[in-house]
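Below is one structure, written out as structure tokens; comments come after it.
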Amino acid sequence: MADFRTQIDEDIAFYKEAFPHVTHIEKPEWAFNFWVLDKLFSEDEDEIENKIVDYADNGIDCYVWHEEAKDLYLIQNKYYSDDTPLTKSYFNTSIQDGYGQLLEGTYARSNELQTIFSKYRTDPDFYVYHYYYVTNNNRSDSVDAAVQAFNQRNAEKKRIAKVFFLDDIEEAYYRWEPKKQERHLTITVETINKGTQLSVNNEAYGLALPIDAQYIMLPVATLYRALVLAEKEKYPIFDANIREYLGTGKSVNKRIISTLEDKDERKKFFFYNNGITIICSNAESWTEGSRRRIKLVDPQIVNGCQTVSSIKHVLESVPEGALEKEFSDTFVMAKILEIPKQSDEQEAQLMEELRKDIVKYNNSQNSIDEKTFVARDEPFIRLQTEFRKHGFLLLLKQSDQNTFAAEYKKPTELKARAQKKLELFNLTESVTKTRDFMISLEKFLQVVLAFKGDAQQAFQKKGRLLVGGSSQHEIVMKAISDTPELTTQRLLSLYLLYLRAEKTKTAGKEDGRTPIPWYLIEGFSKIDGAGSDYTKIDSLLNSAESIDRLIKLYRGATKMYLADYVKNNPGKDYNAMIKDTLDVEKLKGFLDVASAMAF
């Protein structure tokens, strides 16, 4: 896992170059806070600095607030060397530091954090997560025991602690596409009654597919032990699942957990829950006494990640000896699909496609995270292919970054393809390394949303861009898929205009804030008219001189807009302003002033 520490250090070095105006960004231990909020929580870059409250004490380093779910993350980041341990004493001391001040209402490092805590602390759905991120793999049984003891003591208080060591951080970083591991596992599950099983034999039912199915009423304690075994053996039991565990704070998981924790309600769990789906290469069943046992070879839970992980969360706080008694009347429906391995290459390929379809359709009934499907969406694949022709690499999956880095170890080919665009947008000096040619899909879609929607949505609603059915997703998909005039070249030009504004902003000696890129993109669409007449993207961005002029005008106009906002909104600043809707007419007025001053 030491290699992933190198990835973190490279990103931190990039932050130093990209955000020179950010205070303390040159300190790696501070920048690691920035990295965690950026890479693991997808916080907006303009908001991150305000959410880092400290970095050199035992208290809270940074925080994340998810208002919709009412989840508060109090984060401690330990930018440790390989031989520095996280100790039990440090954990026990630090987890109360900061939190105790929040309880007393005296936390002085962040008024916003204290306000959030005070407002929601009595809300029944309010959860506090104490997350530790440690940049080594110096695990210890004593720390594990301290974390488990804390969670058991504080379960009713809805406080949950978790420590992420370097390998855990890497897994979270690649959550879009979990790494494949050549591991194998055989587990045995059982029913409490030999009659609680329905077997669907392929041949007997004439299904014309080499797949057998079994439906069983599975005790949650048996399922929990299987999950614990998989974790102990480091077997990726959810590897084929297109979903990741969404955490205990998500509303659906809160309901699962509250049902399991209630001794009266848990007996109804079987009727409340839709069940889980397991695929495996072999499923052998037999009767043993009054029970039926089923041996599963290389099992994968392809639907039910939330259910199973929530079961584990509740049952791991119960002593092993009490599991059977406490959960004797708690069951979940399990559908087991046996997909045998094929020796014939063509048959193996057909079975793999079938397996993928089973994964997809077993999840299609749920509100799944669309990001897990993004690599399969044709519009994005098309854009990725076209952008690459022009020397730019659209990242559809988290793993694409490393894949492209390996493919283009030297950016010579990319530079040659992108040379004209780089010269046009005056980016030849700032876009030099392979990673500079990479475009985050989410960032690209933010640009499209600012252009076809508005700046406020692009800034505040980026998390909705890849959620099917959301208005933000519909706006960008219509622009990309259903607007032929908004060609690949024009889309790329819009992104490069944003990039030029961003580079100009971060290089600014005065404030590092202007031109405000999202305001520029919305203004370019609504004021300059490029959003209604796409040919203006070509005519207004046809020379380095015209682009320079555009950047200068919007730099002056957004600087005046910011000054006006602060003047007319006492107590508010830039961070408050960018959360408000852009007053397009007012920006247009400042553009006129900037234009008059320039000529």
* Pick from the range 518-534 the residues that are touching a residue at least 40 places away in the same chain (Cβ under 8 Å) and part of a helix (DSSP H, G or I): which of them is nearest to residue 443 (Cα to Cα)? -> 518
* **Members of the range 76-99 found to be surrounded by 15 or more Cβ atoms within 10 Å (Cβ to Cβ) and part of a helix (DSSP H, G or I), listed by number** => 88, 90, 91, 94, 99
* To do: Just name the residue that is nearest to residue 555 (Cα to Cα) out of those in the range 494-524 that are modelled with pLDDT under 95 and hydroxyl-bearing (Ser, Thr, Tyr).
  => 514
* Residues 444, 437: which one is surrounded by 16 or more Cβ atoms within 10 Å (Cβ to Cβ), in contact with a Gly (Cβ under 8 Å, 6 or more places away or on another chain), over 24 Å from residue 598 (Cβ atoms) and modelled with pLDDT of 95 or more? -> 437
* Asked: Which members of the range 434-455 meet the condition of being among the polar types (S, T, N, Q) and assigned to a helix (DSSP H, G or I)?
  -> 434, 446
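Going by the structure shown, is residue 586 surrounded by 13 or more Cβ atoms within 10 Å (Cβ to Cβ), in a helix (DSSP H, G or I) and at pLDDT 90 or above?
Numbers: surrounded by 13 or more Cβ atoms within 10 Å (Cβ to Cβ): yes; in a helix (DSSP H, G or I): yes; at pLDDT 90 or above: yes.
The answer is yes for residue 586.
Every residue, every condition in (1) within 19 Å of residue 544 (Cβ to Cβ); (2) touching a residue at least 12 places away in the same chain (Cβ under 8 Å); (3) assigned by TED's automatic domain parsing to the domain that holds residue 13; (4) more than 18 Å from the chain's Cα centre (by Cα), yes or no:
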{"position": "418", "(1), (2), (3), (4)": "yes, yes, no, yes"}
{"position": "421", "(1), (2), (3), (4)": "yes, yes, no, yes"}
{"position": "427", "(1), (2), (3), (4)": "yes, yes, no, yes"}
{"position": "430", "(1), (2), (3), (4)": "yes, yes, no, yes"}
{"position": "434", "(1), (2), (3), (4)": "no, yes, no, yes"}
{"position": "437", "(1), (2), (3), (4)": "no, yes, no, yes"}
{"position": "448", "(1), (2), (3), (4)": "no, yes, no, yes"}
{"position": "457", "(1), (2), (3), (4)": "no, yes, no, yes"}
{"position": "466", "(1), (2), (3), (4)": "no, yes, no, no"}
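Please enumerate the residues belonging to the range 11-24 that are part of a loop (DSSP other than H, G, I, E, B) and farther than 11 Å from residue 512 by Cβ. Break it down stepwise before answering.
Our first condition is that a residue be part of a loop (DSSP other than H, G, I, E, B); within the range 11-24, this holds for 19-24.
24 - this is the single residue of the range 11-24 that is part of a loop (DSSP other than H, G, I, E, B) and farther than 11 Å from residue 512 by Cβ.
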* The lone exception for residue 116 - which of (1) out of contact with any helix residue (DSSP H, G or I) (no Cβ under 7 Å at 6 or more places or on another chain); (2) crowded, with 18+ Cβ neighbours inside 10 Å; (3) within 24 Å of residue 28 (Cβ to Cβ); (4) β-branched (Val, Ile, Thr) it fails -> (3)
* **Qualifying residue in the range 152-161 (condition: small (Gly, Ala, Ser) and assigned to a strand (DSSP E or B))** => yes
* To do: Determine whether the range 268-280 contains at least one residue that is surrounded by fewer than 22 Cβ atoms within 10 Å (Cβ to Cβ), free of Cβ contacts under 8 Å to residues at least 24 places away in the same chain and hydroxyl-bearing (Ser, Thr, Tyr).
  => yes
* Asked: Can residue 154 be described as in contact (Cβ under 8 Å) with a residue 24 or more places away in the chain and not hydroxyl-bearing (Ser, Thr, Tyr)?
  -> no
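Only one of these is more than 21 Å from residue 41 (Cα to Cα) and surrounded by fewer than 21 Cβ atoms within 10 Å (Cβ to Cβ): 426, 402. Name it. Don't jump to the end; show me each part of the working.
Numbers: 402 fails: more than 21 Å from residue 41 (Cα to Cα).
Just one listed residue meets the conditions, 426.
Of all the helices (runs of 4 or more DSSP H) wholly in the range 338-424, which have at least 1 residues that are under 28 Å from residue 476 (Cα atoms) and either at pLDDT 85 or above or in contact with a His (Cβ under 6 Å, 6 or more places away or on another chain) (or both)?
Numbers: elements: 345-363, 378-389, 400-407, 412-424.
Fully inside the range 338-424 and qualifying: 378-389, 400-407, 412-424.
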* Exactly one condition in (1) crowded, with 18+ Cβ neighbours inside 10 Å; (2) more than 15 Å from residue 447 (Cβ to Cβ); (3) of a type in the set (A, V, I, L, M, F, W, C) is not met by residue 541; state its number. => (2)
* **Search result, residues across the range 555-589 that are within 32 Å of the chain's Cα centre (by Cα) and aromatic (Phe, Trp, Tyr)** => 574
* Say we look at the range 580-590 and pick out the residues that are in contact (Cβ under 8 Å) with a residue 60 or more places away in the chain and touching a Phe, Trp or Tyr at 6+ places or on another chain (Cβ under 7 Å); which of these is farthest from residue 450 (Cα to Cα)? -> 587
* Structure fact -> The one condition residue 481 fails out of (1) of a type in the set (Gly, Ala, Ser); (2) more than 24 Å from the chain's Cα centre (by Cα); (3) at pLDDT 90 or above is (3)
* Residue list for the range 567-579, filter: in a loop (DSSP other than H, G, I, E, B), more than 12 Å from residue 522 (Cβ to Cβ) and in contact (Cβ under 8 Å) with a residue 12 or more places away in the chain -> 579
* Top-ranked residue in the range 201-225 [being hydrophobic (A, V, I, L, M, F, W, C) and under 35 Å from the mean Cα position of the chain (by Cα); ranked as farthest from residue 324 (Cα to Cα)] -> 211
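Can you tell me which of 88, 78 is in the same structural domain as residue 6 (by TED's automatic domain parsing), among the charged types (D, E, K, R) and under 16 Å from residue 164 (Cβ atoms)? First the steps, then the outcome.
Numbers: 88 fails: under 16 Å from residue 164 (Cβ atoms).
Just a single option satisfies the conditions, and that option is 78.
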* Give me the pairs, please: first residue somewhere in the range 195-216 and within 23 Å of residue 289 (Cα to Cα) and in the same structural domain as residue 279 (by TED's automatic domain parsing), second residue anywhere and modelled with pLDDT of 75 or more and assigned to a loop (DSSP other than H, G, I, E, B), beta-carbon distance under 8 Å, and either six or more positions apart or on two chains. => 197/191; 216/191
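The values are calculated or read from the model by the stated rules, or taken from the named source; none is laboratory data. The model shown is predicted, which means the values in this text are computed figures rather than measured ones. Positions of Cβ are backbone-derived with ideal geometry, glycine not excepted, and every protein chain shown enters the neighbour counts.
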